Amino acid sequence: MTQETGGFAALGLNPNIVAAVIATGYEEPSAIQQQSIPIILEGHDMIGQAQTGTGKTAAFALPILNRIDPSKREPQALILAPTRELALQVATAFETYAKQMPGVTVVAVYGGAPMGPQLKAIRNGAQIVVATPGRLCDHLRRDEKVLATVNHLVLDEADEMLKLGFMDDLEVIFKAMPESRQTVLFSATLPQSIRAIAERHLKDPKHVKIQSKTQTVTAIEQAHLLVHADQKTSAVLRLLEVEEFDALIAFVRTKQATLDLASALEAKGYKAAALNGDIAQNQRERVIDSLKDGRLDIVVATDVAARGLDVPRITHVFNVDMPYDPESYVHRIGRTGRAGREGRALLLVTPRERRMLQVIERVTGQKVAEVRLPNAQAVLDARIKKLTNSLAPLVGDAEATHGDLLDRLTADIGCTPRALAAALLRKATNGQALTLEAVEREQPLVPTSAPRERTSGDRPERGDRERRAPMPLGEGRARCRTALGARDGIAAKNLLGAILNEGGLAREAIGRIQVRDSFSLVELPEEGLEKLLAKLKDTRVAGKQLKLRRYRED
């Protein structure tokens with residue numbers, strides 16, 4: 001073995017695959033790759049427990065490619081991913097590793113793109129199919145034999161697939177595949193639902209478990225800032241002034257928030273764009289490509305839209321809105337600091353969200369240090385530094401090339417060289433006065449309105465709002481309460497959808513839904529209520545347990 005091939009050649013991989021891996025810059029396999037590749041090469045079924053950012057894509061892509069027969073023009077391996085973004089990322093990885101394997105082709109199958117070209121690529125003999133479950137089931141309805149030749153199946157981020165409601169689709173896909181296949185399952189967590197799938201569909205699987213959440217984020221510098229809800233945009237703008245970043249992704253909870261923040265950043269001259277589920281797939285792909293090649297520097301995204309996003313330029317992650325759970329936090333900050341690179345993650349925390357911060361610290365096993373918002377002096381220093389850095393390279397031969405012009409202009413205008421230089425600086429800074437007083441006037445740190453979270457004088461209004469009497473009950477209905485409310489990002493439509501889907505009720509069976517700040521009230525049928533509540537026991541809304549209980553009106 002040569003030094004150049006490092007540890008990958010020792011795993012028994014095809015030399016062409018090893019060469020392609022080395023060409024990407026990786027010399028040594030990660031822990032998940034060292035343990036998983038031999039197992040998959042030997043043909044065993046496997047359950048791999050690993051977080052995002054640990055190198056798990058290569059852990060299954062390399063051995064699967066090793067087992068592909070390029071001479072057979074038919075689908076041989078199927079990789080299922082929960083979202084189209086992750087599907088595209090995995091497909092790109094396969095194409096990269098297969099660059100020196102003539103005849104091997106890859107197709108990504110996902111919603112939001114025309115079905116015709118996808119099905120044509122499969123029928124033309126693409127050996128690797130990377131798909132989202134929903135779109136693949138659409139293809140199976142057109143051609144039930146489309147998976148008949150597949151003998152390798154990988155479920156990537158299986159827990160996310162179940163969270164997104166793909167259980168029924170997975171069962172359809174399992175039935176459409178040969179029973180003799182090899183099945184590999186990767187999941188960050190192994191809840192009972194995942195274990196049940198493994199028991200039904202995997203044969204004597206080998207188990208591989210690699211590192212905990214605490215280790216997946218150790219390479220990333222983490223910090224949090226306490227802000228009020230109405231300070232978030234100004235806080236982000238201040239942070240961007242002082243943080244030295246290459247590319248950045250800012251996470252928010254809602255689609256509208258992606259548009260609002262991206263618009264605010266663009267107005268300040270940043271190259272920013274929104275990324276959310278309502279944006280057409282081809283436009284989303286253009287946004288990601290623009291982030292990769294430097295046409296964009298900032299993407300403001302929701303969690304689902306950013307899943308699978310892997311852009312080496314990303315040096316910073318801003319959690320503008322608190323994630324719904326610790327797992328989402330780990331996933332978010334994993335967008336930076338990938339494959340050993342350094343990264344920085346900042347979390348904006350409102351006073352009401354301190355408890356969730358404590359949960360994140362407990363689950364990840366890491367303290368997220370508190371830092372303060374940069375003051376006006378720090379912003380001023382950062383602006384002057386940027387101006388200095390932009391001008392310094394121009395000074396060297398400026399007098400030789402523009403000295404005579406300077407003399408003529410000062411003579412024509414009738415001013416001193418200092419006055420002319422100051423005028424040119426004013427133009428270079430778009431009239432922005434680089435003084436402490438100007439920065440303080442431009443962007444005050446403390447909001448002019450009293451923040452609701454902290455001001456005692458505001459509490460009676462909130463209490464009145466929280467304690468106001470519920471609306472009268474409809475006949476034959478019972479009122480139930482959940483601790484989820486507006487501050488959790490909950491809207492009436494979220495509660496309605498969850499109860500309809502999980503409870504099996506007709507729309508007319510559900511009465512009024514009243515969403516308050518810290519809780520919500522829902523009217524449900526009195527008849528069979530206890531059975532219904534038991535059915536809804538494990539239901540989650542916006543990543544949190546619904547926990548509906550009968551509301552006792554004292």
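The values are calculated or read from the model by the stated rules, or taken from the named source; none is laboratory data. All values derive from a computational prediction rather than experimental measurement. Backbone-built Cβ (ideal geometry, glycine too); neighbour counts: all protein chains shown.
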Which numbered condition Pro312 fails, given (1) at pLDDT below 80; (2) outside any helix (DSSP H, G or I) = (1)
query = Where in the stretch 423-526 are the helices (runs of 4 or more DSSP H), entirely inside, with at least 2 residues that are modelled with pLDDT of 65 or more, over 24 Å from Thr254 (Cβ atoms) and among the acidic types (Asp, Glu)?
reply = 436-442
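Every residue, every condition in (1) more than 12 Å from the chain's Cα centre (by Cα); (2) closer than 27 Å to Ala229 by Cβ; (3) in the same structural domain as Ile220 (by TED's automatic domain parsing), yes or no:
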residue	(1), (2), (3)
Val252	no, yes, yes
Leu259	yes, yes, yes
Leu265	yes, yes, yes
Tyr270	yes, yes, yes
Ala274	yes, yes, yes
Gln281	yes, no, yes
Ile298	yes, yes, yes
Val317	no, yes, yes
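Would you say Arg335 is buried (at least 19 other Cβ atoms within 10 Å of the Cβ), at pLDDT below 90, under 16 Å from the mean Cα position of the chain (by Cα) and part of a loop (DSSP other than H, G, I, E, B)? Step through it out loud before you land on a result.
Numbers: buried (at least 19 other Cβ atoms within 10 Å of the Cβ): yes; at pLDDT below 90: yes; under 16 Å from the mean Cα position of the chain (by Cα): yes; part of a loop (DSSP other than H, G, I, E, B): yes.
So Arg335 fits the description; yes.
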query = On the given criteria, is Val107 in contact (Cβ under 8 Å) with a residue 24 or more places away in the chain and either within 20 Å of the chain's Cα centre (by Cα) or buried (at least 20 other Cβ atoms within 10 Å of the Cβ) (or both)?
reply = no
inquiry  = Can you pull out every residue in the stretch 342-369 that is closer than 26 Å to Asp246 by Cβ and surrounded by 12 or more Cβ atoms within 10 Å (Cβ to Cβ)?
reply    = Gly343, Arg344, Ala345, Leu346, Leu347, Leu348, Val349, Ile360, Thr364, Gln366, Val368
When residues of the stretch 537-554 are limited to those that are buried (at least 18 other Cβ atoms within 10 Å of the Cβ) and modelled with pLDDT of 85 or more, the one nearest to Ala229 (Cα to Cα) = Leu546
key: Residue identified as modelled with pLDDT of 90 or more and among the small types (Gly, Ala, Ser) among Ala61, Ala50, Ala20, Ala31   = Ala61
message = On the basis of being in contact (Cβ under 8 Å) with a residue 40 or more places away in the chain, buried (at least 21 other Cβ atoms within 10 Å of the Cβ) and more than 26 Å from the chain's Cα centre (by Cα), does Pro70 make the cut?
response = no
Test set (1) in a helix (DSSP H, G or I); (2) out of contact with any helix residue (DSSP H, G or I) (no Cβ under 6 Å at 6 or more places or on another chain) - Phe174 fails condition number = (2)
ask   = Given the residues Phe186, Phe166, which is the only one that is buried (at least 18 other Cβ atoms within 10 Å of the Cβ), out of contact with any strand residue (DSSP E or B) (no Cβ under 8 Å at 6 or more places or on another chain), at negative phi and in the same structural domain as Asp69 (by TED's automatic domain parsing)?
value = Phe166
Hits in the stretch 278-304 (condition: in contact with a helix residue (DSSP H, G or I) (Cβ under 6 Å, 6 or more places away or on another chain) and loosely packed, with under 15 Cβ neighbours inside 10 Å) = Asp278
note = Scanning the stretch 37-78 residue by residue, those farther than 19 Å from Ile128 by Cα and polar (S, T, N, Q) turn out to be Gln49, Gln51, Thr52, Thr54
inquiry  = Condition first: in a helix (DSSP H, G or I) and small (Gly, Ala, Ser). Now tell me which residues in the stretch 355-410 satisfy that.
reply    = Ala376, Ala378, Ala382, Ser390, Ala392, Ala398, Ala400, Gly403
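Would you confirm, using the coordinates I've provided, whether Thr5 is under 21 Å from His152 (Cα atoms), at pLDDT below 90 and either in a loop (DSSP other than H, G, I, E, B) or not aliphatic (A, V, I, L, M) (or both)? Steps first, answer last, please.
Working: under 21 Å from His152 (Cα atoms): no; at pLDDT below 90: yes; either in a loop (DSSP other than H, G, I, E, B) or not aliphatic (A, V, I, L, M) (or both): yes.
Considered against the rule, which asks whether it is under 21 Å from His152 (Cα atoms), at pLDDT below 90 and either in a loop (DSSP other than H, G, I, E, B) or not aliphatic (A, V, I, L, M) (or both), Thr5 comes out as no.
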task = Go over the candidates Glu199, Glu221, Glu241 one by one and state the one that is assigned to a helix (DSSP H, G or I) and in contact (Cβ under 8 Å) with a residue 60 or more places away in the chain.
result = Glu241
query = Thr132 passes all but one of (1) among the polar types (S, T, N, Q); (2) surrounded by fewer than 20 Cβ atoms within 10 Å (Cβ to Cβ); (3) over 16 Å from Lys56 (Cα atoms); which number fails?
reply = (2)
note = Residue hits (the stretch 117-158; within 29 Å of the chain's Cα centre (by Cα), part of a loop (DSSP other than H, G, I, E, B) and under 15 Å from Phe174 (Cα atoms)) are Thr132, Asp156
request  = Taking Gly112 as the residue in question, decide whether it is at pLDDT 90 or above, assigned by TED's automatic domain parsing to the domain that holds Thr57 and on the phi > 0 side of the Ramachandran plot.
outcome  = no
